[in-house]
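Visitor: Below is the structure I would like to discuss, written out as structure tokens.
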Amino acid sequence: MRVDRRSFLGGGAMALSGAELTSSALSAAPIQPLGRHYRIATEEAFTTPELANEYRRIAQSGSSKSLDLILMRTIFNDPPMGSLGEQFRRQLLNMDERLHIMDQNGVDMHLLSLTIPGVQMFERDAAIAATGTSNDYLADVVRRHPTRFAGLAAFAPQDPTRSAREMQRAIASLRLNGFIINSHTNNEYLDNEKYWEIFEAAEALDRPIYLHPRSPSDGMAEPFRDYQLGGSMWGYAIEAGTHAVRLIMSGVFDRFPKLKIVLGHMGEDVPYWLWRLDYMHARRTSQGQVKKLALKPSEYFLRNFAVTTSGVESHDVLNYVLRVLGADNVMWAIDYPYQPTAPAVAFMDTAPIADAVKAKVYHSNAARIFRLASAGATGLSALGAHLL
């Protein structure tokens with residue numbers, strides 16, 4: 001069943017009309033505390049006790065060769081593997097500790113999203129059920145702390161039609177701010193047209209999809225099994241960057257020109273490859289080897305993507321990405337709890353960029369892209385109250 005885009009636009013707009021602020025309020029920057037920028041961190045992971053138990057069951061079952069099991073066993077084994085695994089599990093679950101660390105470091109808001117692998121290693125019906133309960137859990141956290149947290153809803157690509165319905169519920173009823181997906185599902189990528197109901201829903205709801213990494217899919221996994229390459233050292237960026245390029249080459253953004261995709265980790269290496277993507281795509285197109293697109297690959301990246309700084313605290317890289325993508329397309333992130341908070345704050349505080357650009361990266365781009373000005377029921381007035 002195809003998603004009726006008009007029903008999303010009509011029903012969703014009616015449901016949201018009471019909570020949305022005016023367009024001028026949405027574009028306004030959050031109130032800046034005296035002496036520093038307002039700080040919104042945009043790739044901050046959490047999980048629920050129920051999902052933690054399921055991850056442990058999968059990690060211990062021995063029924064999968066997925067490289068994701070390395071991280072899952074480190075964090076969710078009972079007990080976790082080492083002090084770092086114990087810390088990660090505790091901080092994924094403990095909102096009080098999270099708030100304490102935010103307060104210690106002057107972080108005003110976390111945009112929360114389910115940690116990898118989300119629900120994407122579950123069977124279809126279990127995945128759909130888990131997205132509903134985890135999105136309810138997240139919405140409750142946001143309701144209890146509307147000035148400190150906003151949230152990205154999970155969905156289950158295993159069933160695109162039911163996922164599209166959950167996406168609508170997440171925005172219209174739960175008042176969440178976008179969506180999170182952890183790259184491949186069952187070793188498949190979202191450029192396959194059977195998944196495009198998901199993009200249709202996201203575009204109709206006018207909310208971005210955060211395309212978060214996970215370890216390389218089984219078909220490309222073997223070279224990553226050595227040297228711990230399958231995770232954040234190398235494999236995550238290769239996996240998510242490949243997924244993003246597949247989306248561009250498939251024509252997704254010709255079909256859904258207003259769709260917004262967010263990539264972490266300074267763009268998962270794609271910004272450094274844009275010239276060559278354009279050059280080689282033009283050559284392959286002239287030879288009839290690849291699909292002809294309406295735009296150059298780089299033009300889709302500039303139009304349909306934004307990136308965050310999560311886990312890449314290099315001023316040289318930040319300056320390059322700002323120069324290539326523009327100051328409106330880059331957002332700050334910590335990657336909590338997998339990266340420490342204090343260095344991420346220091347990285348952005350000391351960035352050698354104009355103060356107006358720093359304000360965009362620290363908060364105003366996130367407020368615009370994720371509609372954070374209308375997060376929760378209190379909007380900017382509550383954000384201001386929090387800062388008084």
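Visitor: For the chain, which semi-axes, largest first and in whole Å, follow from the square roots of 5 times the eigenvalues of its Cα gyration tensor?
Guide: Details: eigenvalues 153, 131, 108 Å².
Largest first, the chain gives 28, 26, 23 Å.
Visitor: Within a Cβ distance under 10 Å of A366, other residues only, what is the Lys/Arg minus Asp/Glu net charge? Please report the intermediate quantities before stating the final value.
Guide: Details: positive: R39, K360, R368, R371; negative: none.
It works out to a net charge of +4.
Visitor: Put a dot 7 Å past each Cα toward the Cβ at R90 and E299; how far apart are the dots in nm?
Guide: In this crude spin-label approximation the distance works out to 5.3 nm.
Visitor: Give, in nm to one decimal, the length gained when the segment between R255 and K292 is fully stretched (0.36 nm per residue of separation minus the Cα-Cα distance).
Guide: Values: separation 37, 0.36 × 37 = 13.32 nm, distance 1.31 nm.
Answer, rounded to one decimal: 12.0 nm.
Visitor: Bins of 10 Å, beginning at zero and ending with the bin holding the largest distance: percent of Cα pairs per bin for segment 112-255, please.
Guide: P(r) for segment 112-255, in whole percents per bin: 12, 41, 34, 13, 1.
Visitor: Could you size up the charge dipole of segment 128-239 around its Cα centre, putting +1 on the beta carbon of Lys and Arg and -1 on that of Asp and Glu, and report it in debye to the nearest 20?
Guide: Details: 11 positive and 15 negative charges, 142 e Å.
For segment 128-239, the charge dipole is close to 680 debye.
Visitor: While we're here: Within 10 Å of each candidate Cβ there may be at most 13 other Cβ atoms; applying that plus a DSSP loop requirement, which trypsin sites (Lys or Arg not before Pro) in segment 35-81 survive? It would help to have the intermediate numbers written out before the result.
Guide: Values: sites: R36, R39, R56, R57, K65, R73; in loops: R36, R39, K65.
Those satisfying the criteria are R36, K65.
Visitor: PRE reach from D278 (point 7 Å along Cα→Cβ): which of segment 294-310 fall under 17 Å by backbone N?
Guide: The answer is 294-305, whose backbone nitrogens lie closer than 17 Å to the label point.
Visitor: While we're looking at this one, here's another question. Could you work out the local net charge near L274, counting Lys and Arg as +1, Asp and Glu as -1, over the other residues with Cβ closer than 10 Å to its Cβ?
Guide: Numbers: positive: R276, K296; negative: D278, E299.
That sum, taken over residues with Cβ under 10 Å, equals 0.
Visitor: Taking the Cβ-Cβ separation of T133 and K65 as r and a Förster radius of 22 Å, what is the calculated FRET efficiency to the nearest 0.05? Mind dumping the intermediate values first?
Guide: Details: r = 28 Å, r/R0 = 1.27.
Efficiency, from the Cβ-Cβ distance: 0.20.
Visitor: Then there is this: Can you tell me the relative contact order of segment 58-175? Whole percent, Cα pairs under 8 Å, sequence separation 6 or more. Write out the running numbers ahead of the final one.
Guide: On the way: 105 pairs, mean separation 23.6, N = 118.
Taking the mean separation of contacting Cα pairs over the length of segment 58-175, I get 20 percent.
Visitor: How many angstrom lie between the Cα centre of segment 220-250 and the Cα centre of segment 303-366?
Guide: Using only Cα atoms, the two centres lie 22 Å from each other.
Visitor: OK, next. Net charge near T350, counting Lys/Arg +1 and Asp/Glu -1 over other residues with Cβ under 12 Å of its Cβ? Walk me through the numbers before you get to the answer.
Guide: Values: positive: K358; negative: E313, D349.
Within the 12 Å Cβ shell, the charges total -1.
Visitor: Label points 7 Å out from Cα along the Cβ direction at D140 and R246: separation in nm?
Guide: Here the answer is 3.5 nm between the modelled labels.
Visitor: With n ≥ 4 as the cut-off for DSSP H runs, can you work out [θ] at 222 nm for the chain, using -39500 (n - 2.57) per run divided by the number of residues, rounded to the nearest 500? Could you put the intermediate results ahead of the total?
Guide: Values: 18 runs with 186 residues, N = 388.
Here the helix-only value at 222 nm equals -14000 deg cm²/dmol.
Visitor: Sticking with this structure for a sec: Just want the ordering: S364, S250, S314, from fewest to most Cβ atoms lying within 10 Å of their own Cβ.
Guide: Values: S364 24, S250 18, S314 12.
Exposure proxy ranking, most exposed first: S314, S250, S364.
Visitor: Here's something else I'd like to know. With an 8 Å Cα cut-off and a minimum separation of 6 or more residues, compute the relative contact order for the chain in percent. Walk me through the numbers before you get to the answer.
Guide: On the way: 642 pairs, mean separation 87.0, N = 388.
Relative contact order comes out at 22 percent.
Visitor: Given points 7 Å out from each Cα along the Cα-Cβ axis, report the K194 to Q104 separation in nanometres with one decimal.
Guide: Here the modelled spin labels are 4.7 nm apart.
Visitor: Let me check against my output: what whole-number percent is the relative contact order of segment 157-284, with C-alpha pairs under 8 Å and at least 6 apart? Spell out each step's value before the answer.
Guide: Working: 146 pairs, mean separation 33.2, N = 128.
Relative contact order of segment 157-284: 26 percent.
Visitor: Okay, next question. Between the DSSP loop rule and a limit of at most 14 other Cβ atoms within 10 Å, which chymotrypsin sites (Phe, Trp or Tyr not before Pro) in segment 207-304 are left? Don't skip to the end; give the middle numbers.
Guide: Numbers: sites: Y210, F224, Y227, W234, Y236, F253, Y272, W273, W275, Y279, Y300, F301; in loops: Y227, W234.
Hits after loop and neighbour filter: Y227.
Visitor: Take every DSSP beta bridge with both residues inside the chain and express the antiparallel ones as a percent of the total, to the nearest 5.
Guide: Values: 1 of 23 bridges.
Expressed as a percentage, antiparallel bridges in the chain total about 5.
Visitor: Which entries of K65/K292; K65/K194; K258/K291; K260/K360; K194/K296 show an alpha-carbon separation above 29 angstrom in the structure shown? Walk me through the numbers on the way to the answer.
Guide: On the way: K65/K292 37 Å; K65/K194 25 Å; K258/K291 20 Å; K260/K360 18 Å; K194/K296 24 Å.
In this structure, K65/K292 lie more than 29 Å apart at Cα.
Visitor: Only helices at least 27 Å long along their axis, Cα-based, and averaging -0.5 or more on Kyte-Doolittle count here, so list those DSSP H runs from the chain.
Guide: 124-144
No lab work stands behind these numbers, since they all come straight from the coordinates. None of the values given here were measured: they were computed from a predicted structure. Positions of Cβ are backbone-derived with ideal geometry, glycine not excepted, and every protein chain shown enters the neighbour counts.
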